[in-house]
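Structure first, commentary second.
The values are calculated or read from the model by the stated rules, or taken from the named source; none is laboratory data. In this text, all values refer to a predicted model and were calculated from it rather than measured experimentally. Cβ coordinates were reconstructed from backbone atoms using ideal geometry, including for glycine residues, and neighbour counts include every protein chain displayed. Remember, those area values only see protein heavy atoms, side chains included, never the ligands or the DNA or RNA. Shrake-Rupley method; radii C 1.70, N 1.55, O 1.52, S 1.80 Å.
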Amino acid sequence: MKAPAYSLGLLLVIYVVNHIDRQVMNILVEPVKTDLGLDDGQIGWLIGGSFALFYTVAGLPIARLADRSNRRNIIALSLLVWSAMTMACAFARSFPQLLIARIGVGIGEAGCTPPAHSMISDTFAPEKRATAISIYSLGIPFGTLIGLAFGGYLSDQLGWQAAFMVVGAPGVLLALLTYWTLEEPKRGAFDALGDRAIEPVADSLRFMAGLSTIRHMLAGSAVQTLFLAGVNAFHSSYLIRVHGLTTTQAGLWLGLVAGVAGGSAVFASGVLADRLGKRDLRWHWWLPAVGGLASIPFSVLAYTAESATWAIAWIAVATLGNHQYSALGHAVLQGLVKPRMRAVMSATALFAMNAVGFGLGPVLVGELSDYFGGGTSIRQALLALIVCLAWAAGHFVWGARSYLRDLEAKNA
């Protein structure tokens, strides 16, 4: 029997690879756009719309399967699929071809987080769950760091096609390691015996819809993801077009921001929430609300800065606040449902965040950029999305009001 730390560590590595393969497209925007003759609207669809649409469509049936069968095997197969499709992006010679490959990446990656969240929730006790999920969620900033920094360097040195090939290949070997070494935990080990029955999908979704707390967390997370996905998709373009950085420079600095500032925010939010939660569990909601609101002025400064140095600095400070919600949202939602609902709950959350956030965010920024005139007008498109942070904070504050009551609902 392997230690829980090994399982969590391997799931973290898998999630890092997940976000390397997802985020590398963000740093390749300018060379891909130039080589294939695309506009910002098409780039938005490549990064967000197509990827998110099929990610969300595939997510729920895969999550349902994960609530009934071996979660390790689902993760291993999904990893193999998205890694192969990342490499397939290298062979695209037109917008439709690259679109199809990105759709394949989205379908594969849909099988990662729902079963992973379910496994973590059956491996760690409730009082340690926010910390455990925050550690797993470090895959987002760490994967983004590597995808942006390494992808930008590979693009400048070898071309964007080589970047897709190099970042996709390790996932094939990792899929084999996952299949042979990741252990399946016992379901519902930390829950009441009566909570372990398999719930029909309709009953699961009806249960979730009946809790206002779940509705507010889904809405707040979706809106904040819309902002983050939209601006992150075009941060490299902003630094390259407005401030004159190279692809390598933009990738390195944005990668460091994601890895250091983003990673610190994600991990600290989980640890802090577990500690403050001993006094009042509603801190799981108040922390993302405060963080999002605090990041608003720094986001404005970032997109109006007159130098690359200040733009990067303010993006980093804003990142410390606006990443508080990612791990905490999933931890809250996992605690509000029964064990055999957890993968479906995770998929439902990812559906909301990806359909609204990744699906609309990059497309909206791309279309706004084209509307404002393209080129350096990307600055205005980024500024337009900042209102989403205040909108999301409202949901987090409102959801906290019924959180303690709804925590008891799953045992009713």
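Brief remarks on what is shown
- Qualifying residue in segment 282-298 (condition: more than 28 Å from TRP160 (Cβ to Cβ) and more than 22 Å from the chain's Cα centre (by Cα)): yes
This table checks each residue for (1) in contact with a Phe, Trp or Tyr (Cβ under 9 Å, 6 or more places away or on another chain); (2) at pLDDT 85 or above; (3) assigned to a helix (DSSP H, G or I); (4) small (Gly, Ala, Ser).
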{"site": "LEU252", "(1), (2), (3), (4)": "yes, yes, yes, no"}
{"site": "GLY255", "(1), (2), (3), (4)": "yes, yes, yes, yes"}
{"site": "VAL260", "(1), (2), (3), (4)": "no, yes, yes, no"}
{"site": "SER269", "(1), (2), (3), (4)": "yes, no, yes, yes"}
{"site": "ARG275", "(1), (2), (3), (4)": "yes, no, yes, no"}
{"site": "LEU281", "(1), (2), (3), (4)": "yes, no, no, no"}
{"site": "TRP285", "(1), (2), (3), (4)": "yes, yes, yes, no"}
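- Here VAL337 qualifies as over 24 Å from HIS19 (Cβ atoms), in contact (Cβ under 8 Å) with a residue 12 or more places away in the chain, open to solvent by less than 20 Å² (accessible area, probe 1.4 Å) and touching a helix residue (DSSP H, G or I) at 6+ places or on another chain (Cβ under 8 Å).
- Of the helices (runs of 4 or more DSSP H) lying entirely inside segment 298-402, those containing at least 2 residues that are small (Gly, Ala, Ser) and more than 30 Å from ALA202 (Cα to Cα) are 308-322, 359-372, 378-384.
- Checklist (1) touching a Phe, Trp or Tyr at 6+ places or on another chain (Cβ under 9 Å); (2) hydrophobic (A, V, I, L, M, F, W, C); (3) crowded, with 24+ Cβ neighbours inside 10 Å; (4) at pLDDT below 90 applied to ALA130, failing item: (1)
- Assessment of segment 234-243 against the conditions (assigned to a helix (DSSP H, G or I), modelled with pLDDT under 85 and open to solvent by 20 Å² or more (accessible area, probe 1.4 Å)) yields no matching residue.
- Single condition VAL317 does not satisfy, out of (1) β-branched (Val, Ile, Thr); (2) out of contact with any His (no Cβ under 9 Å at 6 or more places or on another chain); (3) crowded, with 24+ Cβ neighbours inside 10 Å: (3)
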